[in-house]
Every structure is written in structure tokens, then in C-alpha cells.
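What follows is a single structure, written as C-alpha cells, with notes after it.
Bear in mind these aren't lab numbers, they're just calculated from the coordinates by the rules spelled out. Computed from a predicted model, the values in this text were never measured in an experiment. Cβ placement follows ideal geometry from the backbone for every residue including glycine, while neighbour counts extend to all protein chains displayed.
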Amino acid sequence: MSEAAIIFEKVRAPMLGGDLYLEMELRIAAGACVACVGPSRAGKSLMVELAAGLVAPQAGRVRVLGQDWSEVSDDDPRSARLRVGVVLQQPGLLSNMTLFNNVLLPLRYHRGAMPDHHREQTVMGQLERLGLASLRDRFPAELNQGEARRGAIARALILEPDVLLLDDPVAGLDADMVLGLKAYIDERRAQRSLTVLAALRASSPFVDAADRLIVLCEGHVEADGTRDVVRDMVPPALRRYVD
């Protein structure tokens, strides 16, 4: 069995806006690309937040890259947090910084010994690959939703993480941009091992990049496997999230 990069062990966590709970027992192999789909309030965003260590489960535990989030100290230089890139529904770009400086920020904090010219080349390489080079000096308020989201993905990948967690990464992107993002993620995974967990609101070309598809509904896993397997497992009401 492949080494697991993300493990949900008998996890139970309350979902917002009701009496539902996300209940999950799950292992995601290192290097896998997993897409999670399903209707609103299925628990997809909560799944990403748990995997990112931003929310603690009521019961069970979440382990990422061999570390239990409940035991990880934020100031530990060996923390898995530096090896996990996260983009939530709100991209979270700092409003008082240009797009370039937002993407540069992790390098300033964690790669202080890197020469300035190397850092600039690294940031611009990311922005160019995501079609954002011409926007480098714009502030978040001057970006549309898709541009801000791609900027957040560039920032999440700048430290070459081992795990990338994405909540609705295609929101605000047109069809060509979605295909471009998919190609970029495929390229990064081909260069080095990268485990990807992406929550999606609807089926899209991004699902085609996934090795595994998880369908959530009301906090429970309805189907889990390859796209073809999942298509045969889900009830008709959920099939549109798979096709």
C-alpha cells in the first residue's frame, strides 16, 4: 500500500448551519490527486479545512505527512504546515500588497537566504505560468475573482509543498483558464510528488486530472473510487456531479 499523505481517522466534525456532522474514515496516498464533489452543505469545505489543520475534529484525528494536527506547534520549524499549500474559497490575498508581493511573501518569511533576483525569478515564473505576469503590480481589489484565485494558487505553490489543498479552485475561471490550471497542476505533479485534494462545486475538466473521485452528501461519503467506478455507485440525484 502506498504511503498515505492525508489520513482521516474516525473523524467526526460538526457542519455549520444545522445538526449534520461530517463523518469520515479516509486515506489519501502520497502523490495522488483527489477531487471531492457533491451538493452544497455536503461537507466539502470542512473536509479541506480539517486537512489543512484549520479546524479540529470533535472526534478522531487528522494526520498529514505523518503529523497529527492536534500535536503540531505553529513555531516548530519541522511543522508540516510549511509543506502544505492551502487555498480556501476566499483567496486571502493581503489587500495592502501587490499580487507580486503576495506571492513573494512566503519566500521572504521562509527562504530568507535566497538571493533577491532568484526570488523574483521564482515568483515571476509562477505568475507567467498562470497567465498573471502582466498583473504583477495590481492590488487584490483590482483583480477579478479568477485572477485572485490563481494568484492564491501561485502563492500556495511557491514553497514547493508536498500537499496542495484547494477549495473550489475553478470558481471565477472560464473554460480555458480551467484547462490551463489543470495543465499546470499536472505539470507540477510530473515534476515532483505532489498530493492534491480539491473540493469542487460541480464537475469540470479539473476532475479529469483526478486519480480518485469522492462524492460527499450531508457529511457522508456516498462513493469513492475512479470516475468510472463512482459513476456506477452514486444515486441518480448525485450523478450530475460526476458526469
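Couplings for the stretch 49-57, taken from phi via the Karplus curve 6.51 cos²θ - 1.76 cosθ + 1.60 with θ = phi - 60°, read 5, 5, 5, 7, x, 8, 10, 9, x Hz in order; Gly and Pro are left as x. Label-to-label distance, ALA29 versus ASN144, with points set 7 angstrom from Cα along the beta-carbon direction: 3.9 nm. Adding -39500 (n - 2.57) for every DSSP H run of four residues or longer, then dividing by how many residues the chain holds, sets the calculated 222 nm ellipticity at -9000 deg cm²/dmol. Computed about the Cα centre, the dipole magnitude for the chain is approximately 200 debye when only Lys and Arg (+1) and Asp and Glu (-1) carry charge, each at its Cβ. Evaluated with a Cβ-only charge set (Lys, Arg +1; Asp, Glu -1), the stretch 1-104 carries a dipole of roughly 220 debye about its Cα centre, given to the nearest 20. Averaging the sequence gap over all C-alpha pairs within less than 8 Å and six or more residues apart, then dividing by the number of residues, gives the chain a relative contact order of 28 percent. Stretching ASN96 away from ASP232 to a fully extended chain increases their span by 44.1 nm, per 0.36 nm per residue minus the current alpha-carbon distance. The Cα center of the stretch 201-235 and the Cα center of the stretch 87-125 differ in position by 33 Å. Each peptide in 119-126, 199-206, 212-219, 134-141 was scored by the mean count of other Cβ atoms within 10 Å over its residues; highest first, the order is 212-219, 199-206, 119-126, 134-141. Put a plus charge on the Cβ of each Lys and Arg, a minus charge on the Cβ of each Asp and Glu, and nothing anywhere else: the dipole of the stretch 108-243 about its Cα centre is then about 300 debye.
At full extension, GLU9 and ALA113 could sit 33.6 nm farther apart than now, given 0.36 nm per residue minus the alpha carbon distance. Distant-in-sequence amide contacts of LEU22, defined by a placed amide H-H separation under 5 Å and a gap of 5 or more residues or a different chain, comprise ALA13, MET15. Between ARG240 and SER134, the contour length at 0.36 nm per residue exceeds the alpha carbon distance by 34.5 nm.
In order along the stretch 101-110, the phi-based Karplus estimate (6.51 cos²θ - 1.76 cosθ + 1.60, θ = phi - 60°) of 3J(HN,Hα) comes to 5, 4, 6, 6, 3, x, 5, 5, 6, 10 Hz; Gly and Pro are listed as x.
Residue ranges 187-198, 83-94 sort as 83-94, 187-198 when ordered by packing (mean number of other C-beta atoms within 10 Å per residue, highest first).
Among ASP116, ASP167, a tally of other beta-carbon atoms within 10 Å of each Cβ gives an order, fewest to most, of ASP116, ASP167. Gap in Å between the Cα centre of the stretch 37-68 and the Cα centre of the stretch 129-199? What the calculation gives is 21 Å, centre to centre.
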